[in-house]
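Reviewing the structure listed below.
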Amino acid sequence: MSSVLIDTISIWAIPFLIGFIPLFGWLRGVKVYETFVEGAQEGFNMAIRMIPFLVGILVALNIFQASGAFDAVIHLLAPILGKVGVPAAVVPLILVRPLSGGAALGVTTGLLQHYGPDSFVGRVASTLQGSTDTTFYVITLYFGSIAVRQTRYALPVALIGDLAGFVAAIVICHLLF
């Protein structure tokens, strides 16, 4: 019974919201279409302002990889992290995840294809992918697009959150798998 109810809610949740939100706005006297168009225009303008920051972070990441520095850092960290239970294969993912979601997804895909999704490495990679964020990407893109120059505590706190996500993912995977 509860499975059928959950399936029904899942199927109808988005169509309900798509119909309910405009209806609710209209009943409250909001010019729904005009407000939507205004918001879409603001979103488009924001996307245009983000492009230079997006290009900058992607170029920096590619330079880091092409210079060999990325491989050198991996080579340096793999034995150290291996001693605390981090598989050497996931070290590239740990390094690239705070920089780029696309690159992290590529690394995760490669790990899953090579080791398999049910392997310990595959499970750690999947857990890492879901428990951390693209910190530098988010800070660069969003703070840059709204002209915030002093991020204050945002970067250290976000990196501490990433570290907590990395540690938790490794510990939980060791406990469960």
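Bear in mind that the values in this text are calculations on the coordinates, not laboratory data. No experiment lies behind these values; they were computed from the predicted model shown. Reconstructed Cβ throughout: ideal geometry from the backbone, glycine too, with neighbour counts over all protein chains shown.
How tilted is helix 101-115 with respect to the longest principal axis of the chain? Cα atoms for both, answer in degrees (0 to 90, nearest 10).
The helix 101-115 is inclined about 50 degrees to the chain.
For the chain, take the longest principal axis of its alpha carbons; what is the angle in degrees between that and the long axis of helix 120-131, to the nearest 10 within 0 to 90?
With both axes taken from Cα atoms, the answer is about 40 degrees.
If we count other beta carbons within 10 Å of each Cβ, what is the order of Y33, Y137, Y142, Y153, fewest first?
Details: Y33 11, Y137 22, Y142 14, Y153 8.
So the residues, fewest neighbours to most, are Y153, Y33, Y142, Y137.
Quickly estimate the mean residue ellipticity at 222 nm for the chain, helices only: each DSSP H run with n ≥ 4 gives -39500 (n - 2.57), and the total goes over all residues, rounded to 500.
Values: 8 runs with 135 residues, N = 177.
Calculated from helices alone, the mean residue ellipticity at 222 nm is -25500 deg cm²/dmol.
Relative contact order of the range 7-133: what whole-number percent is it, with Cα pairs under 8 angstrom and at least 6 residues apart?
On the way: 62 pairs, mean separation 18.5, N = 127.
15 percent.
Which residue, T135, Q41, A169, has the largest displacement toward the positive end of the dipole of the chain when charges sit on each Cβ (Lys, Arg +1; Asp, Glu -1)?
Projecting each Cα onto the dipole axis, the largest value belongs to T135.
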